[in-house]
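Scroll down for the structure; my scribbles are underneath it.
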Amino acid sequence: MSAPTPTFTDDRIAHWASETPDADAMTYGERTFSWKQWDERVRRNAGGLQALGIGRGDVVSFLDKNHPACVETSLAAGSLGAANAIINWRSAGDEIDYAVNDSGAKVLFVGRELMPTIEKIRDRLTSVETVIEVTPDGADDEYERWLAAASPVGRQPEVTPEDTCLVMYSSGTTGRPKGVMLSHANMVSHTLNAHDGWSFEPGDKAMVAMPLFHVGGSSYVLFPIHDGVPSIMTRDPDGASLAGAILGGANRTFLVPAVLAQVLQTGEDAVKLFAALKTYTYGAAPMPAPLLRAAMEAWPDTDFLQVYGLTEVAGVVTQLGSEDHRTAVSSGHPERLVSAGRPIPNTEVRIVDPGSGDDLPTGEHGEIWLRTPQLFTGYLGKPEATAEVITEDGWFRTGDMGKVDADGYVFVEDRIKDMIISGGENIYSPEVERVLAEHPAVMEVAIIGVPDDTWGEAVKAVVSLNEGTEATQDELIAFCREHLAAFKCPKTIDITGPLPRNPTGKILKKDLRRPFWEGRDRGVN
């Protein structure tokens, strides 16, 4: 069914509410909303926010596992010219209060499971005027009562496509996360540009399992909304939830490679169940080549699609399509299975010498630069950090190192950024180092990523201790867990002598990483 090209993130949900009002739009647990019902919920959310004083330029925040209310809040806030700052629910308390305060959120939606954390830090949430609790099943739910009492409102006339509608927090290179500001224009451009390969057909259902605090979740959920097909949202990307969604008819999904590895390890029944998927799109972390080969062998009839992107470009910028997956070996290009594919429409890619800024010849290794209408409008409240990564003529310095071959395939091979990607989560080393350095026994610390066949990379710490002190690996990991989300904490710690440094005193992390990556084709897994 044809529909007008969207301009705002809420355009399509309103369109389907008019054209197919009684068709299923979203299933979550035992509840299913039609397009008309879901659009009504978005409009009531907007009315409720407006009654709380939220308008153009304001920010609200959402802290919970996956829940349709998060999508409703994003679309509703956007229709008022406001933004939803979605916080990683796995964050520790002092990470949460930093992000919420940094965003300036006036209203905070919180999942019931996370309310104890918020109660502990409530007096530190200086900008928050209202807290609204959300429950997984909608029972005894403050959010549902608030929604029912609100008067629906439509998009406000002063809202523009350039207004920020989402703020996504990514771990910070200087030890604190940065709020990535994404506009309606960014998100809509992403939906349209990346649509090839993500298109749905009549009868399809999308499984929305990626966390909504991740750009891969909040951008992916717009694809089924764009095409007017139902979504089944899982609260967690665990085996039981994913299986339930597939049994409920979900046949297309986007997940990180680690989930695929877990399915293969679970056994024959799980492998048979996942064969029902027509499309398995993976990204947010590199796919180890042995895992990809095993998956393609296990599900020969499934279309595999690999994507590469970043929060700063609203999601995807390159795709390795299903046909590339199927013909890579037979066409004499098996190396393409470890490529990130080719740029999507309206995306330009350059490979640049990071020192001189000069373009490098085809096949040469350099920094990947991007130019696209999907490019974020800046880091919230950090113009200097924004200027460091966006050139005057609109090129984005990704911090990823790689090359482009003669056929236009992009290969991501290493990082300038001191970043580790584990199970799809971006982890910046300085953030972890900042915490470990506070331990009284630690003299110096370096955080590195080491290969992990399930998670892609694992966080490893190399530390030296102050003279006359003692600390064990378990003690140091436990210390990290007191201050950081568990996924950011080191899985292993080597306690050693003085760390290697260059003549200017900088720790030589490449030397620390080298033994773990020897014999591999690239420096990311």
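For segment 324-353, taking the residues that are among the acidic types (D, E) and open to solvent by 40 Å² or more (accessible area, probe 1.4 Å), the one that is modelled with the highest pLDDT is identified as E348. Are any of the residues in segment 296-308 buried (at least 23 other Cβ atoms within 10 Å of the Cβ), in contact (Cβ under 8 Å) with a residue 12 or more places away in the chain and not hydrophobic (A, V, I, L, M, F, W, C)? Checked segment 296-308: at least one residue is buried (at least 23 other Cβ atoms within 10 Å of the Cβ), in contact (Cβ under 8 Å) with a residue 12 or more places away in the chain and not hydrophobic (A, V, I, L, M, F, W, C). Whether a residue is within 30 Å of Q319 (Cα to Cα) and open to solvent by less than 10 Å² (accessible area, probe 1.4 Å) was assessed, and S183 passes this test. Tell me, which residue of segment 487-525 that is over 28 Å from T469 (Cα atoms), under 28 Å from the mean Cα position of the chain (by Cα) and at pLDDT below 85 is most open to solvent (accessible area, probe 1.4 Å)? The extreme case among them is D521.
Using the structure shown, decide if S199 is in a helix (DSSP H, G or I), among the polar types (S, T, N, Q), over 15 Å from the mean Cα position of the chain (by Cα) and surrounded by fewer than 24 Cβ atoms within 10 Å (Cβ to Cβ).
no
Scanning segment 60-92 for residues that are outside any loop (DSSP other than H, G, I, E, B) and either closer than 18 Å to R12 by Cβ or open to solvent by 20 Å² or more (accessible area, probe 1.4 Å) (or both) returns P68, C70, V71, E72, T73, S74, L75, A76, A77, G78, S79, N84.
Does D452 satisfy being within 21 Å of the chain's Cα centre (by Cα) and of a type in the set (D, E, K, R)? Yes: the conditions hold for D452.
For segment 239-258, the criterion of a residue being more than 15 Å from the chain's Cα centre (by Cα), assigned to a helix (DSSP H, G or I) and buried (at least 21 other Cβ atoms within 10 Å of the Cβ) is satisfied by at least one position.
I'm checking my understanding of the structure. Among residues of segment 202-249 that are of a type in the set (D, E) and touching a residue at least 24 places away in the same chain (Cβ under 8 Å), which one is farthest from P4 (Cα to Cα)? Across segment 202-249, the extreme among qualifying residues is D236. Please work out if S429 is touching a strand residue (DSSP E or B) at 6+ places or on another chain (Cβ under 6 Å), surrounded by 19 or more Cβ atoms within 10 Å (Cβ to Cβ) and either under 26 Å from T377 (Cβ atoms) or among the hydroxyl-bearing types (S, T, Y) (or both). Yes; evaluated as a whole, the condition is true for this residue. Taken over segment 458-475, the residue count meeting the criterion of being within 30 Å of the chain's Cα centre (by Cα) and either part of a loop (DSSP other than H, G, I, E, B) or buried (at least 23 other Cβ atoms within 10 Å of the Cβ) (or both) is 3. Of the residues making up segment 482-502, those that are out of contact with any strand residue (DSSP E or B) (no Cβ under 8 Å at 6 or more places or on another chain), of a type outside the set (A, V, I, L, M, F, W, C) and touching a residue at least 12 places away in the same chain (Cβ under 8 Å) are E482, H483.
The values are calculated or read from the model by the stated rules, or taken from the named source; none is laboratory data. Just so we're clear, the structure is a prediction, and the values are computed from it rather than from any experiment. Cβ atoms come from the backbone with ideal geometry, glycine included; neighbour counts cover every protein chain shown. Quick note on the areas: whole protein, heavy atoms, side chains included, nothing else; ligands and nucleic acids left out. Shrake-Rupley method; radii C 1.70, N 1.55, O 1.52, S 1.80 Å.
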